[in-house]
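Okay, structure first, notes after.
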Amino acid sequence: MVLKPKHPWLLSAACVMVALSGQAYGLDIWHSNTVWAGQGMCAASFTLDSGGVFGDHIQNLRIALAAVDTKTNSPIEQIVLEVDEFGRDNASRYETVYWESELACEDNLRLVITEADAIVEGQARDLLADGYLNIREFVPYRIDIDANFLNASERPSTCQASRFTATAIIQDKDGYSNVWAQPNAESNVIEKLFENELFYTFEQKGNWWQVCTPTGQVGYLYHDCIQLQH
């Protein structure tokens, strides 16, 4: 007689948990930043990720690297990064190590890991031989400065042309101004702009300035009716 478990899914779930608990996360390393350290030195920081609760307890980590001149492909300095202990839980998941050197300030440089060993869960391991150490590609965010970005992102597409660099409102005793199709008052009125209604323009010569309205119409206003916003 073959005995079957009363709830097969319980056995399956238990097997999955056992499998996950024995699954090696590995150790990731990446170059996370380089800053000026003074006296001609720079400090390059490297972040290590043990995987937290899914990873291992790591002790006596030692990683040897060669700093290589990318122009000549020749090693120019030997580096050793060391960490006493980290990993096993989320609180100690990450560790940061530093390399301080004049060479760390150089742009034409790449690093090659030549040795890596540690005690992982009580076992001495060669991290290169068993593929435990991984390189993680890290790309920092691009940061721009644009005080008008949010306003620009709300503009109609026609008003996002590079020439419309300024925002403005009308200054008209009537409380509104006509936007003309051509730079003269004999052309058609294509839109009216009212008090405190933002529109887009740029510094121009002459009496008539090209503007872009909140609805995306491009026309002309007499320059005396325009009050630039600063």
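What the table shows:
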{"item": "Single unsatisfied condition, Thr34 versus (1) more than 24 Å from Glu85 (Cβ to Cβ); (2) at pLDDT below 85; (3) surrounded by 15 or more Cβ atoms within 10 Å (Cβ to Cβ)", "result": "(2)"}
{"item": "Qualifying residues in the stretch 76-89 (those that are surrounded by fewer than 16 Cβ atoms within 10 Å (Cβ to Cβ) and touching a residue at least 24 places away in the same chain (Cβ under 8 Å)) - the one farthest from Gln39 (Cα to Cα)", "result": "Asp89"}
{"item": "Any hit, the stretch 45-53, residues being modelled with pLDDT of 95 or more, in the same structural domain as Glu115 (by TED's automatic domain parsing) and surrounded by fewer than 17 Cβ atoms within 10 Å (Cβ to Cβ)", "result": "yes"}
{"item": "Residues satisfying the stated conditions in the stretch 120-157, i.e. part of a loop (DSSP other than H, G, I, E, B), modelled with pLDDT of 85 or more and not charged (D, E, K, R)", "result": "Gly122, Leu127, Leu128, Ala129, Gly131, Tyr132, Phe138, Val139, Pro140, Tyr141, Ile143, Pro156"}
{"item": "Check on Glu203, in contact with a Gly (Cβ under 9 Å, 6 or more places away or on another chain) and modelled with pLDDT under 95", "result": "no"}
{"item": "Matching residues in the stretch 171-230 - criterion: being more than 43 Å from the chain's Cα centre (by Cα), closer than 21 Å to Pro156 by Cα, assigned to a loop (DSSP other than H, G, I, E, B) and of a type in the set (A, V, I, L, M)", "result": "Ala181"}
{"item": "Qualifying positions in the stretch 87-108 - in a strand (DSSP E or B) and either hydroxyl-bearing (Ser, Thr, Tyr) or modelled with pLDDT of 95 or more (or both)", "result": "Tyr94, Glu95, Thr96, Val97, Tyr98, Trp99, Glu100, Ser101"}
{"item": "Number of the condition not met by Ser92 [criteria: (1) polar (S, T, N, Q); (2) more than 19 Å from Trp30 (Cα to Cα); (3) touching a residue at least 40 places away in the same chain (Cβ under 8 Å)]", "result": "(2)"}
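The values are calculated or read from the model by the stated rules, or taken from the named source; none is laboratory data. Predicted model only: the values in this text are computed from it and were never measured. Counting neighbours? That spans all protein chains shown, and the Cβs are built from the backbone with ideal geometry, glycine included.
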